[in-house]
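Quick notes on the structure that follows.
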Amino acid sequence: QVQLVESGGGLVQAGGSLRLSCAASGSILSINVMSWYRQAPGNQREWVATVSKGGSTNYADSVKGRFTMSRDNAKNTVYLQMNSLKPEDTAGYYCTYSLQFYTYWGQGTQVTVSS
């Protein structure tokens, strides 16, 4: 079992910044792909960003240039630095830890951006 705990969400004004963290613990045998997703009420879950085992990153077009994902392998933690936040970024943000045939999800952290 792998446990994922997200933190860092909150209320911020448009144009502001937040840094989300996701700490992984439990049966972590190796470095694996980790991602961030988000879901706003009434909307489908949306992929936000992924960091590979080697540290390379990919981003959804909607956040490219504003969000930066990184990982600290020694701490089994990934981060999502979110700058220039917009009201449409308001959502629950969830991190994932992916094995070959299974993906673990965290409980999420709420981000609310006021206009």
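Quickly run through the stretch 86-115 and pick out the residues that are part of a strand (DSSP E or B) and small (Gly, Ala, Ser).
91, 92, 98, 114
Which residues, taken from the stretch 73-82, are open to solvent by 50 Å² or more (accessible area, probe 1.4 Å) and not polar (S, T, N, Q)?
Across the stretch 73-82, the qualifying residues are 74, 75.
Yes/no matrix, rows are residues, columns are (1) assigned to a loop (DSSP other than H, G, I, E, B); (2) open to solvent by 60 Å² or more (accessible area, probe 1.4 Å):
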site: 28; (1), (2): yes, no
site: 31; (1), (2): yes, yes
site: 34; (1), (2): no, no
site: 50; (1), (2): no, no
site: 58; (1), (2): no, yes
site: 71; (1), (2): no, no
site: 84; (1), (2): yes, yes
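Between a residue in the stretch 24-43 that is closer than 14 Å to residue 103 by Cα and any residue that is open to solvent by 50 Å² or more (accessible area, probe 1.4 Å) and of a type in the set (Lys, Arg), which pairs come within a Cβ distance under 7 Å, given they are 6 or more apart or on different chains?
Taking only residues 6 or more apart or on different chains, the pairs are 31/53; 32/53; 33/53; 34/71; 37/45.
If a residue has to be in contact (Cβ under 8 Å) with a residue 24 or more places away in the chain and open to solvent by 40 Å² or more (accessible area, probe 1.4 Å) to count, how many in the stretch 89-108 make the cut?
Total meeting the criteria: 4.
What are the pairs, 6+ residues apart or on separate chains, where a residue within the stretch 51-64 that is farther than 23 Å from residue 39 by Cβ and touching a residue at least 12 places away in the same chain (Cβ under 8 Å) has its Cβ under 8 Å from a residue that is assigned to a loop (DSSP other than H, G, I, E, B) and open to solvent by less than 50 Å² (accessible area, probe 1.4 Å)?
Short answer, once both residue conditions are applied: 53/32.
The values are calculated or read from the model by the stated rules, or taken from the named source; none is laboratory data. Source: prediction; values computed, not measured. Here Cβ is always computed from backbone atoms with ideal geometry, including for glycine, and neighbour counts include all displayed protein chains. Ligands, DNA and RNA are stripped out before the accessible areas are found, and what is left, the full protein with its side chains, is counted by its heavy atoms. Shrake-Rupley method; radii C 1.70, N 1.55, O 1.52, S 1.80 Å.
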